[in-house]
Amino acid sequence: MKEQKFESYFGRKIAIDASMSIYQFLIVVGRTGTEMLTNEAGEVTSHLQGMFTRTIRLLEAGMKPIYVFDGQPPDLKKQELAKRYSKRADATDDLAEAVEAGNKEDIEKFSKRTVKVTKQHNDDCKRLLKLMGVPVVEAPSEAEAQCAALCKSGQASFSLVYAVASEDMDSLTFGAPRFLRHLMDPSSRKIPVMEFEVAKILEELNLTMDQFIDLCILSGCDYCDSIRGIGGQTALKLIRQHGSIETILENINRERYQIPEDWPYQEARRLFKEPEVVTDEEQLQIKWSAPDEEGLINFLVSENGFNSDRVTKAIEKIKAAKNKSSQGRLESFFKPVANTSAPIKRKGSKCVLQSPKQEIKPRIFSLQACYSSGPKLNGGLCLLTLDLGSKHSSPLGRGVCFSA
Amino acid sequence: MLELRLVQGSLLKKVLEAIKELVNDANFDCSATGFSLQAMDSSHVALVALLLRSEGFEHYRCDRNISMGMNLNNVSKMLKCAGNDDIITLKADDGSDTVTFMFESPTQDKIADFEMKLMDIDSEHLGIPEAEYHAIVRMPSAEFARICKDLASIGDTVVISVTKEGVKFSTRGDIGTANIVLRQNTTVDKPEEATIIEMHEPVSLTFALRYMNSFTRATPLSNTVTISLSSELPVVVEYKIAEMGYIRFYLAPKIEEDEDETKPQV
């Protein structure tokens, strides 16, 4: 796990979970209270604005983005989706109350929670991306799984997708070899991109991929409930001790931990290990092309009321960006090898909780499950957060720490 | 235990000046064969490989292979404190997290010790395979530096093409274009002023001038520079360090997009 500069990803092909990004745009871009960016017809355009500017930012940095859209959700996720739906319904009620009461903070809070990515939003974005010359992939099922598959297949074939960019750690569980967080954050926030490598995480946690999947299921995933009383830390301890969910179930104190009656962990595991994805290069059609200027102006300016000058300038940027992506990277010629010299300097001891010395780059990470009740991620989905300990050492400091 | 004594201390100063612009932090590797460094710039476009062989040192002791992570700007600050004629000795103890630079004046009347903290650097070591290059150009290093500087005032990239006519450096910018052709020339008074072109196959590659100009900071290390080119390979710009080794810069070329990628899809 390391922090990387946004710029260092030039020339890289990056698979992006589109639904997650659109969701973020709808929440963040051009919102004040319940008001959002709209076109003349009153249709929301926040997602288009967001998608347009952020994608240009990626292109300008020389990256080659591939957007992956969700397909049919797997059956197991329906329960989770129903929960989100009811949460959204609650939020809609709360919002109505807040509007009546005139409480600005609450209006803001609840209106964000009512956000839903519709088919229309998705279709708008697909059309925009195609006009921009950016490839779009429709996943048969989960977008994250498809992203992971593109990245995995990239290891062997010519497509070479370098990493998956998402905010949802599920991509790691789906086996994406590399995972980027904060890639799509606005530049104004100045957050460095966080790069995770599955192989290194597994090595540091001392787990196999199967155990890691079990860990994620135990800590809570979209596909089945977690066991009450077991969070990330307990889950890690249990997996370390017993090796798999089966052995845990045999040995666990059933009075202390209530295992849900209907707990389809095996199916969840299968979904993570063998998700429904497309791997056929022909079918995927991943190609970056020149932008369709006329189409873009027509779509953004005439249909959605964007400022014509801005769009024209943005198109110029896309064209200029093409040039930058032509710089080759050394890794495409030379492959990494193991260095034989041992560092003279001894590395830090295990589990450091004090603030590390500045010159030693800390590589502590904490593992803990967190329930995102807020609207930052799709509804109330529960995800596994792996965070750099140094920055957030106070809240996460008690997690499991390693320094390498 | 590590102890390296270099009589020609100014050499180390020049080495640092040559690479510190390209790389911020790097691991110096020491083994029985010598003192070496391999590091990439932050965008992974260029790589520098340095080798100072153990024979070139007046005294060289390295008990086991070790690597020392240093911030090159800080090393440069330390070395700036050494006089140009000073003898420089590098010392490090096993398990210690510092390295000591000792500077002795030639007359032995002044001895200075500078201790610097080491750092942990995660760096990837790339395997660079031996390759047969399509074309190898040896020319005066000052001439190469001049060409890169001149071209950079006109464009951002340089196309280096080697044909049987000679080697051509060209660029294109908003204000116009520039072409500089050098022909093979061995009838010179001093051998280091010669331009020697060894070509097996014609080759033409495009590079970012920004990096080339950064490489030419190594010019004070050697009178000549060797540029090795192959299509589909990074260029190697090598400055030989007399009796000690070399400093080699690798730069990934710019790659022309495929035809079908530039056509609109919709």
Check your understanding: What number goes with the only condition from (1) away from every other protein chain (no Cβ under 14 Å); (2) in a strand (DSSP E or B); (3) in contact with a Phe, Trp or Tyr (Cβ under 7 Å, 6 or more places away or on another chain) that B:Phe249 does not pass?
Key -> (1)
Practice item. Those residues that are more than 14 Å from every other protein chain (Cβ to nearest Cβ), of a type outside the set (Lys, Arg), surrounded by fewer than 16 Cβ atoms within 10 Å (Cβ to Cβ) and touching a residue at least 60 places away in the same chain (Cβ under 8 Å), I need them from segment A:261-284; list them, please. Key: A:Glu267, A:Glu276, A:Thr279
Review point. Among the residues of segment A:173-218, how many are surrounded by 15 or more Cβ atoms within 10 Å (Cβ to Cβ), at positive phi and out of contact with any helix residue (DSSP H, G or I) (no Cβ under 7 Å at 6 or more places or on another chain)?
Key: 1
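Could you check how many residues of segment B:197-213 are in a loop (DSSP other than H, G, I, E, B) and crowded, with 21+ Cβ neighbours inside 10 Å?
Applying the first criterion (in a loop (DSSP other than H, G, I, E, B)) to segment B:197-213 yields B:200-202.
Filter once more, so that each one left must be crowded, with 21+ Cβ neighbours inside 10 Å: none.
The total comes to 0.
Mind checking which strands (runs of 3 or more DSSP E) fall wholly inside segment A:57-169 and carry at least 2 residues that are not hydrophobic (A, V, I, L, M, F, W, C)? Outline the logic, then answer.
On the way: elements: A:64-69, A:136-138, A:161-165.
Output list reads A:64-69.
Based on what the data block shows, is B:Asp85 outside the structural domain of B:Tyr246 (by TED's automatic domain parsing), more than 24 Å from B:Ser67 (Cβ to Cβ) and touching a helix residue (DSSP H, G or I) at 6+ places or on another chain (Cβ under 8 Å)?
On the way: outside the structural domain of B:Tyr246 (by TED's automatic domain parsing): yes; more than 24 Å from B:Ser67 (Cβ to Cβ): yes; touching a helix residue (DSSP H, G or I) at 6+ places or on another chain (Cβ under 8 Å): yes.
Yes; evaluated as a whole, the condition is true for this residue.
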Point to revise | Subset of segment B:127-181 (residues that are surrounded by 13 or more Cβ atoms within 10 Å (Cβ to Cβ), more than 23 Å from A:Gly328 (Cβ to Cβ) and β-branched (Val, Ile, Thr)) | key: B:Ile180
Review point. Out of all the residues in segment B:10-66, which are closer than 22 Å to B:Pro234 by Cα, out of contact with any strand residue (DSSP E or B) (no Cβ under 9 Å at 6 or more places or on another chain) and among the acidic types (Asp, Glu)?
Key: B:Glu21
Point to revise | Selection within segment B:52-107 - in a loop (DSSP other than H, G, I, E, B), under 24 Å from the mean Cα position of the chain (by Cα) and within 14 Å of chain A (Cβ to nearest Cβ) | key: B:Asn65
Practice item. Could you list, in sequence order, all residues of segment B:130-168 that are of a type in the set (Val, Ile, Thr) and in a helix (DSSP H, G or I)? Key: B:Ile147
**Study point:** Hits in segment A:312-326 - residues which are modelled with pLDDT of 80 or more and either more than 16 Å from A:Phe52 (Cβ to Cβ) or buried (at least 18 other Cβ atoms within 10 Å of the Cβ) (or both)
**Key:** A:Ala314, A:Ile315, A:Ile318
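Consider segment A:285-300. How many of its residues are within 9 Å of another protein chain (Cβ to nearest Cβ), crowded, with 19+ Cβ neighbours inside 10 Å and of a type in the set (A, V, I, L, M, F, W, C)? Please lay out each step first, then the result.
First, the residues of segment A:285-300 that are within 9 Å of another protein chain (Cβ to nearest Cβ): A:285, A:287-292, A:295.
Next cut, crowded, with 19+ Cβ neighbours inside 10 Å only: A:288-289, A:291.
Among the residues that remain, those that are also of a type in the set (A, V, I, L, M, F, W, C) are: A:288.
Here the count works out to 1.
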Exercise for review: Go through the residues of segment B:121-130 one by one and say whether even a single one is of a type in the set (A, V, I, L, M) and away from every other protein chain (no Cβ under 14 Å).
Suggested key: no
Review point. Which of the residues that make up segment B:146-170 are among the aliphatic types (A, V, I, L, M) and under 16 Å from B:Leu251 (Cα atoms)?
Key: B:Val158, B:Val159, B:Ile160
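Just one of B:Ala39, B:Ala18, B:Ala26, B:Ala49 is under 14 Å from the mean Cα position of the chain (by Cα) and either more than 13 Å from every other protein chain (Cβ to nearest Cβ) or in a helix (DSSP H, G or I) (or both); which is it? Step through it out loud before you land on a result.
Working: B:Ala39 fails: either more than 13 Å from every other protein chain (Cβ to nearest Cβ) or in a helix (DSSP H, G or I) (or both); B:Ala26 fails: either more than 13 Å from every other protein chain (Cβ to nearest Cβ) or in a helix (DSSP H, G or I) (or both); B:Ala49 fails: either more than 13 Å from every other protein chain (Cβ to nearest Cβ) or in a helix (DSSP H, G or I) (or both).
One residue alone meets the criteria, B:Ala18.
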Review point. Would a scan of segment B:214-233 turn up a residue that is out of contact with any His (no Cβ under 8 Å at 6 or more places or on another chain), surrounded by 19 or more Cβ atoms within 10 Å (Cβ to Cβ), at pLDDT below 95 and within 14 Å of another protein chain (Cβ to nearest Cβ)?
Key: yes
Review point. Do the conditions hold for B:Glu115, that is, is it surrounded by fewer than 20 Cβ atoms within 10 Å (Cβ to Cβ), out of contact with any Cys (no Cβ under 7 Å at 6 or more places or on another chain), assigned to a loop (DSSP other than H, G, I, E, B) and more than 8 Å from chain A (Cβ to nearest Cβ)?
Key: no
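The values are calculated or read from the model by the stated rules, or taken from the named source; none is laboratory data. On a predicted model such as this, the values are computed, not experimentally measured, just so you know. Cβ: placed from backbone, ideal geometry, glycine included. Neighbour counts: every protein chain shown.
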